[in-house]
1. Compute the length gained on full extension between Lys57 and Ala98: take 0.36 nm times their separation in residues and subtract their Cα-Cα distance, giving the result in nm to one decimal.
2. Taking 35 Å as R0, compute the FRET efficiency from the Cβ-Cβ separation of Thr33 and Val66 and round it to 0.05.
3. How far, in nm, would the chain grow between Glu90 and Asp75 when pulled straight, counting 0.36 nm per residue and subtracting the alpha carbon separation?
4. Quick one: if you stick a label point 7 Å off each Cα along the C-beta vector at Ala83 and Arg22, how many nm between them?
Amino acid sequence: MFDLIRKTMLTGVGLAVMTKERAEEMAREIAETAKLSSDKGQEFVEEVVGKSEKMRKELEETVQRVVNDTLKRTDLPTRDDLAQLRARVEELERAQAAKS
């Protein structure tokens, strides 16, 4: 029974968007409901929190990758592109001022 609850929670509850505190709280409630020993309960809580943090990081990386890919496809300049242009304009202005 506990394994079923654990697998369900780890795969489908949206751990990627759950705060660490909420993941801990939920895991503790499940551990209490499943009447786990203190050690097993703590192990479960740590597993849930670890999975939550890992999934959150993976979600953030995926979102960042999608945003970057979308920006590339739309051909919009990035901050780096604008900074390079700004530096180039300043360089040209200095060169022009030196000629004058």
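1. Numbers: separation 41, 0.36 × 41 = 14.76 nm, distance 5.01 nm.
Difference between extended and current length: 9.8 nm.
2. Values: r = 37 Å, r/R0 = 1.06.
It comes out at approximately 0.40.
3. Numbers: separation 15, 0.36 × 15 = 5.40 nm, distance 2.38 nm.
My answer for the length gained is 3.0 nm.
4. Using points 7 Å along Cα→Cβ, the separation is 3.4 nm.
FYI, it's all coordinate maths here, none of it is from the lab. Because the structure is predicted, anything quoted here is derived from the model rather than measured. Neighbour counts are summed over all protein chains in view; Cβ atoms, including those assigned to glycine, are modelled from backbone coordinates with ideal geometry.
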